[in-house]
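Everything below concerns the one structure shown next.
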Amino acid sequence: MESIPLDTPDGITARLGWNPSVSVHDRRRILTREIIAGLVRCDPKEIRIEREPPRGYGYHTRLIASRDGVDLPYAVKTASFRAATVVAVAAPSMPLGIDVRDMHPDAADIHMMQKHSHLLDESNIPALVDHWAKVQAVLEADGRGVRVAADHVRLDPTGRKGWLPDRKSGYHLADLSREGWIITMAYGSLSV
């Protein structure tokens, strides 16, 4: 599988990987192992990646990295779209969300984005996809998932900050787009 490092804010390491013949689950594990082996400076074969057991119906399990039977102190976030996967690794205390999108969405995705966006010109597809990736990254960082509707997310006019009105903090937004993929990261905490 081909993968490349992404230019991320301090304290966060991320990679983009793509290969249609590798399953999404394997792409996530391969990229996580690569990143964490680099952080702890060891051979990737020494890192074990497991999925935590589900806590209940609808719970999205996390990837857990360990070395020599000891869990490592990293939080792993993943996002996948078609043959591409992004993995980001940071300290567990770092609020973090990522989203990855194809620059050329299909008609059904465009319709769904237009239905929930706050853009005045929803016919500008590149701007719509960029907006939607930011919204999804904020929702991922928030952690409540589908319990919060996408149209509740607010972005500042510059597109560098995002938040939800019912929270007292928001997130910085970083554009990590590469290789034909729109990649957005929401991270950290901002007072709003």
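The values are calculated or read from the model by the stated rules, or taken from the named source; none is laboratory data. Keep in mind the model is a prediction, meaning the values are calculated, not measured. In this analysis, Cβ positions are derived from the backbone assuming ideal geometry, glycine residues included, and neighbour counts consider all displayed protein chains.
Determine if region 139-147 includes at least one residue that is closer than 18 Å to G188 by Cβ, modelled with pLDDT of 90 or more and of a type in the set (D, E).
yes
Does region 86-93 contain any residue that is buried (at least 22 other Cβ atoms within 10 Å of the Cβ), in a loop (DSSP other than H, G, I, E, B) and not small (G, A, S)?
For region 86-93, residues buried (at least 22 other Cβ atoms within 10 Å of the Cβ), in a loop (DSSP other than H, G, I, E, B) and not small (G, A, S): absent.
Let's see how each residue does on (1) at pLDDT below 95; (2) more than 19 Å from the chain's Cα centre (by Cα):
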| residue | (1), (2) |
| --- | --- |
| P9 | no, no |
| T13 | no, no |
| G17 | no, no |
| S21 | no, yes |
| D26 | no, no |
| I49 | no, no |
| Y74 | no, no |
| T78 | no, no |
| A83 | yes, no |
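Tell me, which residue of region 3-32 that is more than 11 Å from T85 (Cα to Cα) and free of Cβ contacts under 8 Å to residues at least 60 places away in the same chain is surrounded by the most Cβ atoms within 10 Å (Cβ to Cβ)?
P5
How many residues does region 102-154 contain that are among the charged types (D, E, K, R), over 23 Å from R178 (Cβ atoms) and assigned to a loop (DSSP other than H, G, I, E, B)?
Going through region 102-154 one residue at a time, the tally reaches 3.
Report whether or not R154 is over 17 Å from the mean Cα position of the chain (by Cα) and basic (K, R).
Considered against the rule, which asks whether it is over 17 Å from the mean Cα position of the chain (by Cα) and basic (K, R), R154 comes out as yes.
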